[in-house]
1. Looking only at residues in segment 295-320 that are under 28 Å from the mean Cα position of the chain (by Cα) and surrounded by fewer than 18 Cβ atoms within 10 Å (Cβ to Cβ), which one is nearest to Gly269 (Cα to Cα)?
2. Return only the number of the condition from (1) within 30 Å of Ile288 (Cα to Cα); (2) modelled with pLDDT under 95; (3) not aliphatic (A, V, I, L, M) that Lys132 does not satisfy.
3. So which pairs qualify, if the first residue must be in segment 4-28 and charged (D, E, K, R), the second must be in a loop (DSSP other than H, G, I, E, B) and surrounded by fewer than 19 Cβ atoms within 10 Å (Cβ to Cβ), the Cβ gap must be under 6 Å, and the two must be at least 6 apart or on different chains?
4. Out of all the residues in segment 173-218, which are outside any helix (DSSP H, G or I), modelled with pLDDT of 95 or more and among the acidic types (Asp, Glu)?
5. Answer yes if at least one residue in segment 167-188 is closer than 30 Å to Gly269 by Cβ and touching a strand residue (DSSP E or B) at 6+ places or on another chain (Cβ under 6 Å), and no otherwise.
6. Looking only at segment 44-54, decide whether some residue is surrounded by 16 or more Cβ atoms within 10 Å (Cβ to Cβ), outside any strand (DSSP E or B), more than 27 Å from the chain's Cα centre (by Cα) and assigned by TED's automatic domain parsing to the domain that holds Phe140.
Amino acid sequence: MSEGLSIVFMGTPEFAVASLDALVKSRHKVLAVVTAPDRPASRGLKLQQSAVKQYALRNNLPVLQPEKLKNEEFINELKKLNPDLIVVVAFRMLPEVVWKLPKMGTINLHASLLPQYRGAAPINWAIINGEKETGVTTFFINEHIDMGNVIHRKTIPIEENDNAGTLHDKLMVIGSTLLVETIDSFDLMPVATLPQKYFPKEDLKPAPKIFREYCHIDWNKPAEQVHNFIRGLSPYPAAWTEIVNKDGKKLVMKIYDSAINTNITLSTGELQVKDNTYIYIGCKDAAIEIKELQLEGKKTMPAADFLRGFRLEGEGWKVV
């Protein structure tokens with residue numbers, strides 16, 4: 001077994017931290033970490049460090065935070081580091097001058113079974129589309145987004161009670177393991193890869209970034225689709241609907257947990273409260289039970305707790 005590879009790691013959110021930690025604990029050497037610049041966050045606009053930067057500082061790893069990845073000073077810094085490999089996990093698109101720099105190339109860990117769900121939000125879209133399985137893929141970066149040759153893939157089931165948050169955490173863990181296994185396999189150069197065109201590609205589904213406007217619930221759809229939509233966007237960015245009372249007061253309600261109920265008959269978009277404990281909204285073919293929600297300006301809470309503090313029944317509230 002070799003002494004290991006020298007690596008520059010690039011990533012930003014919590015999902016990338018598990019992979020960075022696994023590399024730090026492996027036989028490979030992390031020379032430096034590249035992450036997003038600190039950004040103003042919260043009402044006080046205090047500068048917020050990325051999750052990856054916070055980990056790197058705790059573990060005394062050099063941190064680079066270029067505003068522009070083609071910046072000459074940044075490129076020269078990478079050249080001085082002279083890594084065997086660049087490893088990317090949940091970062092931005094790299095220019096060719098960066099991903100071509102290491103002698104062994106640049107690899108990416110992606111939270112889907114490529115070529116399915118190329119894009120920024122593969123975990124969300126897999127659940128929204130009602131998939132029964134997903135996984136993680138390691139591949140070489142090339143000039144096309146998420147289209148490089150596959151090195152390894154690992155599949156896991158999507159459970160009925162999974163939402164985007166729980167699936168994120170599962171994939172984060174198995175992804176970190178797969179990443180180290182992938183880099184370990186570089187001992188056997190050249191690394192065996194397979195172009196994505198050799199994987200089944202009927203009905204390829206993209207995974208574009210999700211914006212707030214998309215998260216508005218369409219109650220005209222079948223209940224299963226609405227339920228998958230809610231859990232695919234939970235806990236972030238969260239599916240939402242609007243409710244309005246007889247006086248015309250309109251409020252946004254985010255929904256984080258739901259269930260399908262085929263025993264209650266409601267018209268599409270009709271809202272019903274039962275026993276001051278349960279909230280139901282009608283869909284095309286069944287009702288959705290709202291189990292956890294957040295009304296604008298309030299905390300996230302179970303439906304029963306919400307109904308103890310907010311009179312939804314008798315005030316003429318309805319979904320719009």
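1. Filtering segment 295-320 for residues that are under 28 Å from the mean Cα position of the chain (by Cα) and surrounded by fewer than 18 Cβ atoms within 10 Å (Cβ to Cβ), the one nearest to Gly269 (Cα to Cα) comes out as Leu295.
2. Unmet for Lys132, out of (1) within 30 Å of Ile288 (Cα to Cα); (2) modelled with pLDDT under 95; (3) not aliphatic (A, V, I, L, M): (2).
3. Hits for this filter: Arg27/Gly4.
4. Answer for segment 173-218, where residues must be outside any helix (DSSP H, G or I), modelled with pLDDT of 95 or more and among the acidic types (Asp, Glu): just Asp218.
5. No - not one qualifying residue is present in segment 167-188.
6. no
Residue by residue, here is whether (1) out of contact with any Gly (no Cβ under 6 Å at 6 or more places or on another chain); (2) surrounded by 13 or more Cβ atoms within 10 Å (Cβ to Cβ) holds:
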position: Tyr214; (1), (2): yes, yes
position: Ala223; (1), (2): yes, yes
position: Thr241; (1), (2): yes, yes
position: Tyr256; (1), (2): yes, yes
position: Thr262; (1), (2): yes, no
position: Glu270; (1), (2): no, yes
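The values are calculated or read from the model by the stated rules, or taken from the named source; none is laboratory data. Bear in mind that the values here come from a model prediction, so they are computed numbers and not experimental data. Glycine also receives a Cβ, built like all others from the backbone with ideal geometry; neighbour counts cover every protein chain displayed.
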